[in-house]
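Only one structure is covered here, and it is reproduced in the block below.
The values are calculated or read from the model by the stated rules, or taken from the named source; none is laboratory data. The structure displayed is predicted, hence computed values, not measured ones. Counting neighbours? That spans all protein chains shown, and the Cβs are built from the backbone with ideal geometry, glycine included. Surface accessibility is based on the protein's heavy atoms, side chains included, excluding ligands, DNA and RNA. Shrake-Rupley method; radii C 1.70, N 1.55, O 1.52, S 1.80 Å.
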Amino acid sequence: MLLPAQGLAYLRVPKAANSSIRTRLAASYNLPMPEGIVPNKDRFWAEQDPSLVRSMTLAEFQALPERPRIWAFSFVRHPAMRLYSCWNNKLVENGGSLSRAFVAMGVERGMDFHAFAECVAAHEDADCDLHVRSQVSVLVHDGIVVPDFVGKVETTQRDWAHVRYESRMRFGADIGALPSKNMRLEVGLKPADVMSAATHKVIRERYAEDYARFYPRS
């Protein structure tokens, strides 16, 4: 998501403070609010004027002639806790219909977390719903981590302060505090608090690249 006028880009990772960040960006840059559509929904961004916001793939972003002048950031989350948050949100809290991608994967309501993890582990990123694709698949292009800065949900306060600093230094404006939107799980929780060692092992194997890139000490 490129904001051309600001020279700022946000590479969004679902289930990693994405709703909070998109809500903050929309408010900070006074983006038009289509009636009945909130900033944490994809449709909000799809309906924005391209002069205000442009959505593109990693390859398209990297190929932009002005890419060297754009500051890009993202946030990631511990892979096991990110997957747990997705299961809790999509299969426990929400009673609506599942996405077509989840249905095609074989995800079903009533699945316990271990069954959900095994189902995800049986599919490659290309065949997965965006919410459970690896973070590497979202942020790495040609072996390179695309964003200039990658914060972590586990250290949101510190890392968002850095985003605010870069905004002030580069664009002359404070992007503002991050709202705690859809923050369902306490940051202090660890995988051992909510899942078995067997489930965590399945997740570690499925998201091995995420661990290696972003959580090598976990």
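Residues in the stretch 100-118 that are open to solvent by less than 80 Å² (accessible area, probe 1.4 Å), touching a Leu at 6+ places or on another chain (Cβ under 7 Å) and not small (Gly, Ala, Ser): 107, 111, 116.
So which pairs qualify, if the first residue must be in the stretch 5-31 and closer than 15 Å to residue 48 by Cα and touching a residue at least 24 places away in the same chain (Cβ under 8 Å), the second must be open to solvent by 20 Å² or more (accessible area, probe 1.4 Å) and basic (Lys, Arg), the Cβ gap must be under 7 Å, and the two must be at least 6 apart or on different chains? Final answer for the pair search is 23/181.
Among the candidates 191, 179, 147, the residue that is more than 25 Å from residue 216 (Cβ to Cβ), of a type outside the set (A, V, I, L, M) and in contact (Cβ under 8 Å) with a residue 40 or more places away in the chain is uniquely 179.
Restricting to the stretch 16-38, what's the tally of residues that are of a type outside the set (Gly, Ala, Ser), modelled with pLDDT of 90 or more and within 25 Å of residue 82 (Cβ to Cβ)? Total meeting the criteria: 6.
With the condition kept exactly as written, say whether any residue in the stretch 2-15 is open to solvent by 20 Å² or more (accessible area, probe 1.4 Å), in contact with an Asp or Glu (Cβ under 9 Å, 6 or more places away or on another chain) and modelled with pLDDT under 95. Checked against the condition, which is being open to solvent by 20 Å² or more (accessible area, probe 1.4 Å), in contact with an Asp or Glu (Cβ under 9 Å, 6 or more places away or on another chain) and modelled with pLDDT under 95, the stretch 2-15 yields at least one hit.
In this entry, residue 167 is excluded by the filter for residues that are among the hydroxyl-bearing types (Ser, Thr, Tyr), crowded, with 18+ Cβ neighbours inside 10 Å and modelled with pLDDT of 95 or more.
Counting only residues that are surrounded by fewer than 16 Cβ atoms within 10 Å (Cβ to Cβ), in a helix (DSSP H, G or I) and touching a helix residue (DSSP H, G or I) at 6+ places or on another chain (Cβ under 8 Å), the stretch 138-161 holds 0 of them. Out of the residues in the stretch 71-99 that are part of a helix (DSSP H, G or I) and open to solvent by 30 Å² or more (accessible area, probe 1.4 Å), state the one that is nearest to residue 199 (Cα to Cα). The selected residue is 84.
If we keep just the residues of the stretch 42-70 that are surrounded by 15 or more Cβ atoms within 10 Å (Cβ to Cβ) and among the β-branched types (Val, Ile, Thr), which is farthest from residue 3 (Cα to Cα)? If we take residues in the stretch 42-70 being surrounded by 15 or more Cβ atoms within 10 Å (Cβ to Cβ) and among the β-branched types (Val, Ile, Thr), then 70 is farthest from residue 3 (Cα to Cα). Pick from the stretch 124-134 the residues that are open to solvent by less than 40 Å² (accessible area, probe 1.4 Å) and part of a loop (DSSP other than H, G, I, E, B): which of them is nearest to residue 90 (Cα to Cα)? The selected residue is 129. Of the residues 38, 92, only one is free of Cβ contacts under 8 Å to residues at least 40 places away in the same chain, in contact with a Phe, Trp or Tyr (Cβ under 7 Å, 6 or more places away or on another chain) and over 17 Å from residue 170 (Cβ atoms); which? Within the list 38, 92, the selection yields 38.
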